[in-house]
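The values are calculated or read from the model by the stated rules, or taken from the named source; none is laboratory data. Since we're looking at a predicted model, the values are computed, not measured. Don't worry about glycine lacking a Cβ; one is built from the backbone with ideal geometry, like all the others, and counts go over all protein chains shown. Note: areas computed on protein heavy atoms with side chains; ligands, DNA, RNA excluded. Shrake-Rupley method; radii C 1.70, N 1.55, O 1.52, S 1.80 Å.
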Amino acid sequence: MILEMKVPSPGESIKEVEIATWLVKDGDYVEKDQAIAEVDSDKATLELPAEVSGIITLKAEEGDTVAVGAVVCLIDTDGAPSAPKGGTTVETVEKVVEVKKEEIKAIPVVAQAPPSGAGGLGHPSPAARKILDEKNIAPETIVGTGKAGRITKDDAVNAVPSMGTPTGGSRGTERTKLSMLRRKVAERLVAAKNETAMLTTFNEVNMTPINTLRNEYKDAFKAKHGGIGLGYMSFFTKAVTRALQLYPDVNSMMDGDYKIAFDFCDISIAVSGPKGLMVPVVRNAENLTFRGIEADIKRLAIKARDGQITVDDMTGGTFTITNGGVFGSMLSTPIINPPQSGILGMHNIIERPIAVNGKVEIHPMMYVALSYDHRIIDGRESVGFLVAVKEALENPLELLCDNNPKKAFEL
């Protein structure tokens, strides 16, 4: 029986996907539930599992954009895995390998001239030759991407004359198509810049009180909660949810001529995954404990790292936190994650001299930045929100732990 495998719908709003990578070759035997391909949507990269076992025939190429519901491969369920002929054993394979090694040693090395006249290496197509002649570029300087190294029309269009270098160093270039996810992220970021009245306000946070709490309780926290660490993200998430409840305009978004306000805090956490920027959501963060926030962030980060993040994991979100400090950023202006109205940027922690009660002291300091949509959030609310975040982070014992850290950390 021949089974047609169709592209499943990754989410309600997604109409097409892109075949990012085939994990099997045409004619391979695949097992049921084996991952056979990675497909990109504009929200996430997902694995496509085989629905049955059998011999697979591919019906789409890598890089093809296909509609949800389209047939991308066939699986012949009557097919069986190929077996070695003649009862090949491990010993036989080892002997063959040794023989092949000796044969390779015996082969004389002969310089191969590049094929000519038949569309071989460095040979341009007629259209490509015309373009190269107009640009006065020698075909020998172009690396063709066509079959057998043939220079295609696109190669010629994208070719630029070599300027050369005094040292003779490499000046190679590589042209690769962006994934659907990366293209969508770029589109959304440009839209955020063009369609919002985005401003950024800054402040700084003395991290000494949080460091003191973490140093005192992090070992007990990790031991109590099965290896989950007490990181900075739970403190910042707690501080943000408190500030959002004090300044609800920051926890709202524009919808045409209307403002949508939320009585819950779904916090998007920007993470860098192998496929690019991911923004999974911690749901109802205002109701979570420190342990609950850290556990949810760890779960989502692992899914993003392993390419297992789903559209549902990243859908929604009323406010975003991004931490450029893990990469060493001292200060930045984060871009709003539309349709949200605000995003908080964390940065690296640097020991700096500051004035405390009229004296100069050295403390671990972090710059924080709030980018916000001025169409819906006024300056008073934006500055007040960031000050509320600063106050909570500099007084976590009282404002985030209710003066009872053991209870807050569930120890």
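Details
- Filter result (at pLDDT below 90 and in a loop (DSSP other than H, G, I, E, B)) within region 34-47: Ser41, Asp42, Lys43, Ala44
- When region 202-252 is filtered for residues that are closer than 29 Å to Ile335 by Cβ, surrounded by fewer than 17 Cβ atoms within 10 Å (Cβ to Cβ) and either acidic (Asp, Glu) or free of Cβ contacts under 8 Å to residues at least 12 places away in the same chain (or both), only Glu204 remains.
- Hits in region 133-159 (condition: part of a loop (DSSP other than H, G, I, E, B) and under 16 Å from Gly172 (Cα atoms)): Ile137, Ala138, Ile142, Val143, Gly144, Thr145, Ala159
- Restricting attention to region 190-237, the residues that are outside any helix (DSSP H, G or I) and hydroxyl-bearing (Ser, Thr, Tyr) total 3.
- Filter result for Ile350 (hydrophobic (A, V, I, L, M, F, W, C), touching a Pro at 6+ places or on another chain (Cβ under 9 Å) and more than 16 Å from Leu189 (Cβ to Cβ)): yes
- Cβ-Cβ under 9 Å pairs, at least 6 apart or on other chains, region 372-387 side among the aromatic types (Phe, Trp, Tyr), far side part of a strand (DSSP E or B) and open to solvent by 30 Å² or more (accessible area, probe 1.4 Å): Tyr372/Met198; Tyr372/Leu199; Tyr372/Thr200
- Sole exception among (1) at pLDDT below 90; (2) over 30 Å from Ala186 (Cβ atoms); (3) part of a strand (DSSP E or B) for Thr57, by number: (1)
- Wholly within region 306-402, helices (runs of 4 or more DSSP H) carrying at least 2 residues that are closer than 17 Å to Ile269 by Cβ and modelled with pLDDT under 95: 311-314
- Taking region 194-213 as the range and being at pLDDT below 95 and charged (D, E, K, R) as the test, only Glu195 passes.
- Within region 303-324, if we keep just the residues that are free of Cβ contacts under 8 Å to residues at least 60 places away in the same chain and within 12 Å of the chain's Cα centre (by Cα), the residue that is least open to solvent (accessible area, probe 1.4 Å) turns out to be Ala304.
- The number of residues in region 109-132 being at pLDDT below 80, surrounded by 10 or more Cβ atoms within 10 Å (Cβ to Cβ) and in a helix (DSSP H, G or I) comes to 1.
- Of all residues in region 26-48, those satisfying the criterion of being without any contact (Cβ under 8 Å) to a residue 60 or more places away in the chain and open to solvent by less than 60 Å² (accessible area, probe 1.4 Å) are Gly27, Asp28, Val30, Ala35, Ile36, Ala37, Val39, Leu48.
- Complete set of residues in region 253-271 that are in contact (Cβ under 8 Å) with a residue 12 or more places away in the chain and in a strand (DSSP E or B): Met253, Met254, Asp255, Lys259, Ala261, Ile267, Ser268, Ile269, Ala270, Val271
- Among the criteria (1) open to solvent by 20 Å² or more (accessible area, probe 1.4 Å); (2) closer than 15 Å to Met207 by Cβ; (3) under 30 Å from the mean Cα position of the chain (by Cα), the one Leu397 does not fulfil is (3).
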